[in-house]
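Written below as structure tokens is the structure these notes are about.
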Amino acid sequence: RIMSNMCRVCKKEYTRKTNEESCKECRDFDKLASAVFQNEKRLKKVNLKEFPDIPALANYVKDLFNEQEGKCFYTDYEMNLPYSNPDATGSGTMCSIDRKDPRKEYSKNNIVLALSRINIMKNDIESEGDFYEICKKIKDHYEERNNHLIDINKLSDEELLELKKRIIHERGETK
């Protein structure tokens, strides 16, 4: 059954084909905001003066998504939205609402949008600086542990040819 309805996020009229309360353009942001409001633990951490209801948070998240140009605050990678790209569910590339400081509430000064995998990885790290320091340590340790690996993109043609000969010799191949 098709009927006309007003989107609870943008307040524009839209043709309603399902039981959704928001138009196609707002549905992803409505879903992200609803996930916060429908979780009792998360709801207790919402600044209700700034976000008194789902539409207020959804509108802010929609604006933030556009301000961040659809990219993760921490990595600058493209984020997927739940209704716009349902095939990406479970890939870690979904957009999620993150509190920069998890000790503080969901407020305009404390939320950013991040890839779900980054949000999970960040978990309860208390500051953005601490998070970056941990990521840097991981990167440095990885590079140190793997410094013996050869970056073939940095080799000259002669070095590539020599490497190929060495590999063939080590494998006992004749060519």
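What the table shows:
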read-out	value
Matching residues, region 24-68, being closer than 13 Å to VAL112 by Cα and part of a loop (DSSP other than H, G, I, E, B)	GLN68
Selected residue (criterion: least open to solvent (accessible area, probe 1.4 Å)) from residues of region 150-175 that are under 43 Å from the mean Cα position of the chain (by Cα) and modelled with pLDDT under 75	ASP151
Number of positions in region 125-149 that are open to solvent by 100 Å² or more (accessible area, probe 1.4 Å) and not in a helix (DSSP H, G or I)	3
Failed condition for ARG99, given (1) within 21 Å of GLU25 (Cβ to Cβ); (2) buried (at least 16 other Cβ atoms within 10 Å of the Cβ)	(1)
Only listed residue being surrounded by 12 or more Cβ atoms within 10 Å (Cβ to Cβ), over 28 Å from GLU105 (Cβ atoms) and over 24 Å from the mean Cα position of the chain (by Cα), chosen from ARG8, ARG16	ARG16
Condition met for ASP30 (over 26 Å from PHE131 (Cβ atoms) and in contact with a Ser or Thr (Cβ under 6 Å, 6 or more places away or on another chain))	yes
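For every residue, the table says whether it meets (1) crowded, with 16+ Cβ neighbours inside 10 Å; (2) of a type in the set (A, V, I, L, M).
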position: CYS26; (1), (2): yes, no
position: LYS31; (1), (2): yes, no
position: ILE54; (1), (2): yes, yes
position: TYR77; (1), (2): no, no
position: ALA88; (1), (2): yes, yes
position: CYS95; (1), (2): yes, no
position: LEU113; (1), (2): yes, yes
position: ARG117; (1), (2): yes, no
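The values are calculated or read from the model by the stated rules, or taken from the named source; none is laboratory data. Since this is a predicted model, take the numbers as computed values, not measurements. Heads up, the Cβs are rebuilt from the backbone with ideal geometry, glycines too, and the neighbour counts pull from every protein chain shown. The protein model used for the area step is the full one, side chains on, heavy atoms only, and it has no ligands, DNA or RNA in it. Shrake-Rupley method; radii C 1.70, N 1.55, O 1.52, S 1.80 Å.
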